[in-house]
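To start, the structure under review is shown below, and the notes come after it.
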Amino acid sequence: MADSIARVADAELRVLKILWDKPQLSAREVTTALYPRTTTSEIGTVQSLLQRLETKGLVHRDRSQHVHRFTASITRIEFAGHQLQAMVDRLTDGSVVPLLAHLVHSRGLSDQEKAELRELLDEGTPPKRRGAR
């Protein structure tokens, strides 16, 4: 699933955002949230997007009723974490130091943010993944 999470198109992400905000929506409800003036082609587009997200394991379809309901299978935080990890792996060979250094130098950190980072660092880190720096 990690590879499919990294390959989410912008249109698929818009669908996920709707499902994060309002789970258990029908395809028509998702379509209406995306396109207030819904057309037949937009309904088909959203159905295709939902099918692709379901195939990727990012959306669950409840088929227990006549009108199927959709729910995101991954939280917004989990998704963001996968996206960040994929970016770090691709750009910096798994090292978060360049990413953090850029963020610190480009925008600075408040005293509160510095304290939170120190607390995270003091908690320790999980064992390194194979192949990561």
Among the residues of the range 23-77, which ones are under 18 Å from the mean Cα position of the chain (by Cα), surrounded by fewer than 14 Cβ atoms within 10 Å (Cβ to Cβ) and within 16 Å of residue 10 (Cα to Cα)? 51, 76
Would you mention how many residues in the range 78-108 are within 13 Å of the chain's Cα centre (by Cα) and among the charged types (D, E, K, R)? 1
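Yes/no matrix, rows are residues, columns are (1) of a type outside the set (Asp, Glu); (2) under 29 Å from residue 98 (Cβ atoms); (3) touching a residue at least 24 places away in the same chain (Cβ under 8 Å):
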residue: 5; (1), (2), (3): yes, yes, yes
residue: 12; (1), (2), (3): no, yes, yes
residue: 26; (1), (2), (3): yes, no, yes
residue: 40; (1), (2), (3): yes, no, no
residue: 53; (1), (2), (3): yes, no, yes
residue: 57; (1), (2), (3): yes, no, yes
residue: 83; (1), (2), (3): yes, yes, yes
residue: 86; (1), (2), (3): yes, yes, yes
Can you give me the number of residues within the range 93-116 that are free of Cβ contacts under 8 Å to residues at least 40 places away in the same chain, within 30 Å of residue 7 (Cβ to Cβ) and surrounded by 10 or more Cβ atoms within 10 Å (Cβ to Cβ)? 11
Scope the range 1-31; condition over 20 Å from residue 84 (Cα atoms), of a type outside the set (D, E, K, R) and in contact with a helix residue (DSSP H, G or I) (Cβ under 9 Å, 6 or more places away or on another chain); matching residues: 18, 19, 25, 27, 30, 31
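Bear in mind these aren't lab numbers, they're just calculated from the coordinates by the rules spelled out. Please read these numbers as outputs of a predicted model, since none were measured by experiment. Neighbour counts run over all protein chains shown; Cβ positions are idealised from the backbone, glycine included.
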